[in-house]
Amino acid sequence: MAVLDLAMQGFAVFGFILFFVLWLMHFMSIIYVRLHLHKKRSEAKQSFTQLAGVSLLKPLKGVDPNLISNLETFFTLDYPKYEILLCVQDTDDPAVDVCKKLLGKYPNVDARLFIGGKKVGINPKINNLMPGYEGAKYGLVWICDSGIRVKPDTLTDLTNHMTEKVGLVHGLPYVADRQGFAATLEQVYFGTSHPRSYISANVTGIKCVTGMSCLMRKDVLDQAGGLVAFAQYIAEDYFMAKAIADRGWKFSMATQVALQNSGSYSIGQFQSRMIRWTKLRINMLPGTVLEPVSECFLASLIIGWAAHHVFRWDMMVFFMCHCLAWFISDYIQLTGIQGAPLCFSKLDFAVAWFIRESMAVQIFLSALWDPTISWRTGRYRLRCGGTAEEILDV
């Protein structure tokens, strides 16, 4: 009985620690968004790299309804010195025709098309980018996914943050306004749960970076072995960031978000993407097994039980009140990241928020169930530490 009482007291302490940590993350994220995102930097802070040349590496695979409009935003960047390196793996990929159309439309833009890739490892994105990386002529490289769209001053915003001690500048992932409930679900996730962890990690010094839009120093990457050194990993962005940090360089987050605008999206695609990301985190960072307790419903149950055990408060009343407070803080954060009126109603937000929170534990359990992932056209078996091996059909 004494052991059981001690265990219950320990679990109650865990509940209160969880409460403190999670709400600290909420407040850090909301405050950071309000103070940092969508802010213009003063001209005095632009002197260091305002004329620094940038090589944009653009990995392309297939087409979707938004590909040409997304790509075109990079041809109209308001930046004095940059090149666009379009990388396509297969000669018969329809993305080749899209690239040629834009190259013909903007002959005065310094842009080249690389077809064929170079096999240096199991990561198809790295293989695709290799010829472009080897042909890059500037000291800053900007790796940016095909589904991203930018504003004319996006590159200026990125380079303004590349100060003397910074080796990597990244954008907070978010989603453009699109039609349909699947788009709303994705926008709610990237405006609530994801940025809460992403921002609080970076604010507290934990290097958390996604590779959707990253500006990096090429000489630092070359010191780490170049792109080839990261071809053995599926989550190359994590290990590239780690290599830069290990060499003493700091990170900075741009004031503009990395705006995802894929023309192909569905609830199933969103769920598969979340499962894949969770599998990668589990294999790279063992602490990911605690991730479910950072989600609203499970956290509210644990904290509610702790409040009941210590203060004899009604557990379900506390659960409902805690979920409501979480819901409100998520909405405040989402509107801050959006930086403009939302394209969906508060009711749409409530439904999407509830469904996303309800999916969280199921996504985590699905990730634990199967250690293999499907990405692009391949299937891979993950190993502890982040490496992987390709599963070849016999």
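The values are calculated or read from the model by the stated rules, or taken from the named source; none is laboratory data. If you're wondering where the values come from, they're calculated on a predicted model, not measured in any experiment. Backbone-built Cβ (ideal geometry, glycine too); neighbour counts: all protein chains shown. Surface areas here come from the heavy atoms of the whole protein model, side chains and all, with no ligands, DNA or RNA. Shrake-Rupley method; radii C 1.70, N 1.55, O 1.52, S 1.80 Å.
So which DSSP H runs in the chain come out at 24 Å plus along the axis (Cα) with average Kyte-Doolittle of at least -0.5?
2-36, 267-284, 315-338, 346-369
Take the Cβ-Cβ distance between Phe11 and Ala201 as r, set R0 to 35 Å, and report the resulting FRET efficiency rounded to the nearest 0.05.
With a Förster radius of 35 Å, E is 0.85.
Order Ile143, Ile282 by their accessible area, 1.4 angstrom probe, all chains in place, largest first.
Solvent-accessible surface, decreasing: Ile282, Ile143.
Per DSSP H run of at least 4 residues, take -39500 (n - 2.57); add these up for the chain, divide by its residues and hand me the 222 nm value, nearest 500 deg cm²/dmol.
That calculation yields -16000 deg cm²/dmol at 222 nm.
Give the whole-number value, in cubic angstrom per residue, of the convex hull volume spanned by the C-alpha atoms of the chain.
Per residue, the Cα convex hull of the chain comes to 154 Å³.
Checking the table Lys250/Lys346; Lys100/Lys218; Lys40/Lys61 against a 29 Å threshold on Cα-Cα, which pairs fail?
With Cα atoms farther than 29 Å apart: Lys250/Lys346; Lys40/Lys61.
Which of the residue pairs Lys105/Lys125; Lys119/Lys279; Lys207/Lys279; Lys81/Lys151; Lys118/Lys279; Lys101/Lys125 have a Cα-Cα distance greater than 21 Å in the structure shown?
Going by Cα-Cα distance, Lys105/Lys125; Lys119/Lys279; Lys118/Lys279; Lys101/Lys125 fall outside the 21 Å limit.
Over region 239-394, what number does the Rg to Rh ratio reach, with both radii from the alpha-carbon atoms and Rh per Kirkwood?
Rg/Rh for region 239-394 comes to 1.02.
At 1.4 Å probe radius, can you tell me the per residue accessible area of the chain in Å²?
Counting only protein heavy atoms, the per-residue value for the chain is 46 Å².
Starting from the 7 Å offset along Cα-to-Cβ, what nm value, one decimal, do you get for the label separation of Ser69 and Asp314?
For the pair Ser69/Asp314, the computed spacing is 5.0 nm.
Quick one: if the Förster radius is 56 Å, what FRET efficiency do Asp110 and Ala2 give, using the C-beta to C-beta distance and rounding to 0.05?
0.15
Suppose every Lys and Arg Cβ carries +1 and every Asp and Glu Cβ carries -1, with no other charges. What dipole size does the chain come out with about its Cα centre, to the nearest 20 debye?
Dipole about the Cα centre, nearest 20: 600 debye.
Dipole of region 93-167 (Lys/Arg Cβ +1, Asp/Glu Cβ -1, origin at the Cα centre): which of Leu103, Gly139, Met162 lies farthest to the positive side?
Positive-end residue among those listed: Leu103.
Over region 148-256, how many percent of alpha carbon pairs lie in each 10 Å bin up to the one with the longest distance?
14, 42, 34, 10, 1
What does the extension gain come out to for Arg376 and Lys100, with contour length at 0.36 nm per residue minus their alpha carbon separation?
Length difference between fully extended and current span is 97.1 nm.
Work out, step by step, the length gained on full extension between Trp23 and His38: first 0.36 nm times the residue separation, then minus their alpha carbon distance; give nm to one decimal.
Full-extension gain reported as 3.0 nm.
Return the tail of the calculated pair distribution for region 57-138, meaning the percent of Cα-Cα pairs more than 18 Å apart.
40 percent
Residue separation times 0.36 nm, minus the C-alpha to C-alpha distance between Ser366 and Lys137: what's the value?
Gain in length upon complete extension: 78.1 nm.
Hey, with R₀ at 22 Å, roughly what FRET efficiency would Lys119 and Gln223 work out to, going by the Cβ-Cβ distance, to 0.05?
0.40
Where the accessible area of the chain is counted over protein heavy atoms with a 1.4 Å probe, how much of it, in %, is carbon and sulfur?
With neighbouring chains kept in place, the figure for the chain is 62 percent.
Rounded, prolate or oblate: pick one for region 45-265, where a ≥ b ≥ c are the square roots of the eigenvalues of its C-alpha gyration tensor, a/c under 1.5 means rounded, and failing that, prolate if a/b is larger than b/c, else oblate.
rounded
If you place +1 on the Cβ of every Lys and Arg and -1 on the Cβ of every Asp and Glu, how big does the dipole about the Cα centre of region 45-265 come out, in debye to the nearest 20?
In debye, rounded to 20, region 45-265 gives about 360.
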